Amino acid sequence: MNKINILSAVLFLFSVTMNAQTATFHYFCYHGNDTRFQEAIDKNREYFNPVIAGYHPDPSFCRAGDTYYLVNSSFSYFPGVPIYQSKDLIHWNQIGQVLDRASQDPLDHQNVSGGIFAPAISYNRYNKTFYMITTNVGKGSFFVKTKNPEKGWSDPIYLPQIDGIDPSFFFDRDGKGYIVHNAPVYGNTAYEGQRAIRIFRFDVNGDSIIGKPKEIVRGGTHVDQHPIWIEGPHLYRIGKFYYLMCAEGGTSTNHSEVIFRSANPMGPWEEDPENPILTQREGLDPNRLDKVTCTGHADLLQSKSGDWWAVFLGCRPYKDDLYNTGRETFLLPVTWEKGWPVILQKGKAIPTVCQMHSWQWKTKAIKAIPTTGNFTFRDDFHEQKLNPCWTFLRNPSSFYTLGQDGLKISALPVTIEQKKSPSALFYRQQHTTFNTETEVVFSPENDKQFAGLCLFQNEKYNFVFGKTRINNRLAILLTRTELMPVTIATVFIDGKDSNAPVRLKIHGDGQYYDFYYSIGNGGWQVMARGVDASNLSTSKSGGFVGTMIGLYASK
């Protein structure tokens, strides 16, 4: 055999091997159909809560002129810190991610709920610069900055002086800068969960911290009751007072928002006698419709029209403390009573339908993929770039391409059970009741090769649903993992259909999910019905994220 024939044979074998390890997803479709969003509303005068549904925790927002920007925690998903833009605070368009380079957001080997905690976005009108400050729990606290959030952000500037999490900037009327953050208390703790808020002066021109921190809040509000986890601080100057607003009570059902005020950012601080100014932990009907729990981690903002608003996180349980959609972003107007802000009156439930202010329904909304209500999202992957709603786990390699045939994933030797970056693209589950489907072409050569869908909370709480080989027979496999993987159903594929496309569909309704498949041009067949999906609930899996729907391949 001459050299040309040898080379041709090698290239042929390489092509066959690569094709066997490449999965082609022709489309992805997601449709949400929650009962809470079925109510007929005047979309020109009313809006739904949450305003950004699905896993979008720890919201922070700012205003520059008549444009608003909002960011959320991303933990170990990459790119980091999704950023949204709005003209009316109601309709949000994702313009990208703040941390779009691995050098800004190193995530290797971090837990799913590690990585980026509680980003805070601020606009300094004195130097016309946006700042985003956060903590990467595997690396430290840092900030990035930009003049234009749509054109990229700087490399990270680390602040090793910050001992704790949840830093936030404040730029005063005189141009001076401050950073507040959660920290350990000085000296010995008086009880488990006792934390403090510290403040630093910040040199705006030198991008650096000035001097040593000062502890300005110790424990939280009503200290005789041993409040826990004072965190997520934001500092404001409103009228003649500085206000310090913080989350308190932990991130579960005792979550709340509290506020203090002072004539000086260094204190002393006075507590609002009506604290907490936001919570859903008591005084409510446990059987109420459209239940929202765990509210807190809020941020305040004054609109260009002069009215005040708050964004905050909340959860929508379908049963008890079970919710697969994670922590979501809610929006409410803020009123003022006796010099204190009120996000929600005590004993009042978070409303699903809220009234816009007149300036909002007169403002032309930015066109965007819907972030709330019942909607359908479809992606055929024909664009040159991924839609920014897609995300990866940890720092990914270049394993995919887009084109007229769809999304091609070159399978990596990584599974979602490993603390690595798998060859998978993820989309947030944004509804309690939803359908999602895809069509995949894949020719596995052994039992390790797989392509299809996954439902992912973390490495020990997930579902895997797709095409593989079992004992050298082509098959569609469905497994459920709650600490240990369990096979729920298996369907073997006849030889004549071995190369046919496989369609996969999942219907979720609260705790129970149905799984369907179709081979070639055939109709939908039931794979499994009524499968318990409470393993995807944060209260079972732990951590701070919501369920992610993955287009996934491995070898």
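Here is how the numbers come out for the structure above:
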{"item": "Sole residue being among the charged types (D, E, K, R), out of contact with any Cys (no Cβ under 7 Å at 6 or more places or on another chain) and assigned to a loop (DSSP other than H, G, I, E, B), chosen from ARG173, ARG198", "result": "ARG173"}
{"item": "Scope segment 264-274; condition closer than 17 Å to PRO341 by Cβ and either open to solvent by 10 Å² or more (accessible area, probe 1.4 Å) or assigned to a strand (DSSP E or B) (or both); matching residues", "result": "TRP269, GLU270, GLU271, PRO273, GLU274"}
{"item": "Test set (1) on the phi > 0 side of the Ramachandran plot; (2) touching a residue at least 24 places away in the same chain (Cβ under 8 Å); (3) open to solvent by 10 Å² or more (accessible area, probe 1.4 Å) - GLY187 fails condition number", "result": "(2)"}
{"item": "Residues within segment 372-384 that are in contact with a strand residue (DSSP E or B) (Cβ under 6 Å, 6 or more places away or on another chain), open to solvent by 20 Å² or more (accessible area, probe 1.4 Å) and farther than 15 Å from GLN38 by Cβ, tallied", "result": "3"}
{"item": "Matching residues, segment 318-343, being open to solvent by less than 20 Å² (accessible area, probe 1.4 Å) and in a loop (DSSP other than H, G, I, E, B)", "result": "TYR323, ASN324, THR325, GLY326, ARG327, ILE343"}
{"item": "Subset of segment 102-151 (residues that are open to solvent by less than 10 Å² (accessible area, probe 1.4 Å), β-branched (Val, Ile, Thr) and either part of a loop (DSSP other than H, G, I, E, B) or closer than 22 Å to PHE544 by Cα (or both))", "result": "VAL112, ILE116, ILE121, ILE133, THR134, THR135"}
{"item": "Any hit, segment 219-228, residues being in contact (Cβ under 8 Å) with a residue 24 or more places away in the chain, part of a strand (DSSP E or B) and at negative phi", "result": "no"}
{"item": "Residue count, segment 16-39 (criterion: modelled with pLDDT of 95 or more and either of a type in the set (Val, Ile, Thr) or over 30 Å from VAL112 (Cβ atoms) (or both))", "result": "4"}
{"item": "Test: residue in segment 415-423 that is modelled with pLDDT of 95 or more, among the small types (Gly, Ala, Ser) and surrounded by 18 or more Cβ atoms within 10 Å (Cβ to Cβ)", "result": "yes"}
{"item": "Filter result (within 16 Å of GLY339 (Cβ to Cβ), of a type outside the set (Ser, Thr, Tyr) and surrounded by fewer than 18 Cβ atoms within 10 Å (Cβ to Cβ)) within segment 223-263", "result": "ARG237, ILE238, GLY239, LYS240, PHE241, ALA263"}
{"item": "Some residue of segment 500-512 being touching a Leu at 6+ places or on another chain (Cβ under 9 Å), assigned to a strand (DSSP E or B) and among the aromatic types (Phe, Trp, Tyr)", "result": "no"}
{"item": "Long-range neighbours under 6 Å by Cβ, at least six apart or interchain, first residue of a type in the set (Val, Ile, Thr) within segment 346-360, second open to solvent by 50 Å² or more (accessible area, probe 1.4 Å) and at pLDDT 95 or above", "result": "THR352/ASP290"}
{"item": "Restricting segment 294-317 to residues that are open to solvent by 10 Å² or more (accessible area, probe 1.4 Å) and polar (S, T, N, Q), the residue that is nearest to ALA349 (Cα to Cα)", "result": "GLN302"}
{"item": "Failed condition for LYS367, given (1) out of contact with any Asp or Glu (no Cβ under 9 Å at 6 or more places or on another chain); (2) under 23 Å from CYS454 (Cα atoms)", "result": "(2)"}
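Residues checked against (1) surrounded by 21 or more Cβ atoms within 10 Å (Cβ to Cβ); (2) modelled with pLDDT of 95 or more; (3) touching an Asp or Glu at 6+ places or on another chain (Cβ under 8 Å):
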| position | (1), (2), (3) |
| --- | --- |
| ALA489 | no, yes, no |
| PRO501 | no, yes, yes |
| LYS505 | no, yes, yes |
| TYR517 | yes, yes, no |
| SER539 | no, no, yes |
| VAL545 | yes, yes, no |
| ILE549 | yes, yes, no |
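The values are calculated or read from the model by the stated rules, or taken from the named source; none is laboratory data. If you're wondering where the values come from, they're calculated on a predicted model, not measured in any experiment. Neighbour counts run over all protein chains shown; Cβ positions are idealised from the backbone, glycine included. Please note that ligands, DNA and RNA were not included when accessible areas were found on the heavy atoms of the full protein model with its side chains. Shrake-Rupley method; radii C 1.70, N 1.55, O 1.52, S 1.80 Å.
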